[in-house]
Amino acid sequence: MTQHRCTCVVDASEESLLLLLAILGLLVGPTLYLVPHWRTWDRLLDGFALAAVGGLGMLHLLPEAVETGGLLALVAAAVGLVLPGLLHGLLGFGPWVLLAGLVLHAGVESSALTGTDALGVAVVLHRVPVGLAVFALYHEHPRTHGLGWVAIGALIAATAAGALLGAPVRGAIDPTVTAGLDALVAGMLLHIVWDHGTESHAHHGHHDHDEPDGHHHDHHAHDDHAHDHEGAHVADAGAALLGLATVLAVAGDHEDGAGVLAALGDLLGAVGPGLAVGLLVHTHVPVRLRGAFWALLLGLPVLGPLAFAPALVLAALPEPHPLHEPAGITGSLLGGAVLASLLVPVLPLLAGVPAPLLVVAFALAGLLPLCSAWRLPLAGVLLAGGLPGPAVAAATAAATPAHVVLAGLLGLATTAMPTLTAPVLPDLWRDVGLLGVLAASVHAMVVVGPRGLVSRMAPGFPAP
């Protein structure tokens, strides 16, 4: 069905109303953060901010930026993710670099308040979770303690300036530059919610390392998150779903980034039935064969016959640290699918690279500490993008040199076969698959919390 998006230009009174709502949106988060509350409220706010701000970066800003800026946008996002932490550790002014980037982006983005209704409403909706996360960071951070209102004031000033300048701002900035800025800020937002969270330690004196959704837990652990199981996380899981729904409502009304989101939906829809079935029966599969079990179950819908390559590799050489925990499997699959979908716009850049170089590059990437559930969506995108079977097989190898060599050899064997493609799946399969992924994600958030699930989306890596 064709969607008719509203592109009505707002008049002066609507501009003023949108500006007022955007400013009020920035004030809502700090107000909710400062009112006297209890532990469940802390977890609820953290779950909402994690999903809304993280989703804003990963599902809205980054898809749009990558479709416009390509590889440059991905580099900018990586810089935004790691640079504040590096500057904080080396020079101590990482928070101010974060604020400078956020203020600049707020001004540019707020020029949309004088554009169309849909863009203006999107800006307003962004402000609530961003205000909450930014205030929490600058109010609690040791180097900026008590300066939360200063940060919010800077964002309000940038919002007003951007709205007043309006069209001249939008017309003066090249789209590629805007894409780079969006990607940079997306990385910064992910840094804020991943590394800092929104829990109010000042109100409650919480510095425990065993809090189920605190940001002090061990991000290196993947299947050993005993602290995540401190009761059911019903409140924060519900808040996270609300935050995610808010982001998807905004992102779904934008044509920019639609290709990335469609690729993500196709990936998750394809592997969803296998994920749901696998979670129900994987405990009955011998531990040695679980890697091969998941490689076939998740790989066949996206790789077709090529899925037998990683399955044979993992049957001969089991993964060093196989996944046993449902939340770990779900999180790994989500993390791989998100990254894979973001790579879709840049795949044409690889079309002219000789196949042997691709095999070597992906074999080296195969040494990263990521499990097969994380790699399979990436392999599916590479195959759909026309990359040769050997490179795809190398990308699905587990994290030891022996796995990489064996996967590469099996991949090379596929060059003698007819062209391998993924099967064409019916729409019903995709719809059922998306429901399966949603159910698995909700179950994981209830068990380990939203922050616990996010930590499993990037297994083997610490928070930035």
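A protection proxy built from the mean count of other Cβ atoms within 10 Å ranks the segments 297-304, 153-160, 423-430, most packed first, as 297-304, 153-160, 423-430.
Rounded to the nearest Hz, the phi-derived 3J(HN,Hα) couplings of the range 371-379 under the Karplus curve 6.51 cos²θ - 1.76 cosθ + 1.60 (θ = phi - 60°) are 7, 5, 4, 6, 7, 4, x, 4, 4, where x marks glycine and proline. Calculated FRET efficiency, residue 361 to residue 431, Cβ-Cβ distance, R0 = 30 Å: about 0.25 to the nearest 0.05. Note on residue 280 and residue 409: their simple-model spin labels are 3.8 nm apart, each label 7 Å out from Cα toward Cβ.
Which residues among the range 59-86 fall inside the zone where the amide N is under 20 Å from a point 7 Å beyond the Cα of residue 100, along Cα→Cβ? So the set is 75-86. Here the spin labels are modelled as points 7 Å beyond Cα on the Cα-Cβ line, and at residue 242 and residue 258 they lie 3.0 nm apart. The HN-Hα couplings worked out from phi for the range 260-274 by the Karplus form 6.51 cos²θ - 1.76 cosθ + 1.60 (θ = phi - 60°) are 5, 5, 5, 5, 5, x, 5, 4, 5, x, 5, 8, x, x, x Hz, whole numbers, x standing for Gly and Pro.
Read the figures in this text as sums done on the coordinates, not as results from a lab. Fair warning: this is a prediction, and the values are worked out from it, not measured in the lab. Neighbour counts run over all protein chains shown; Cβ positions are idealised from the backbone, glycine included.
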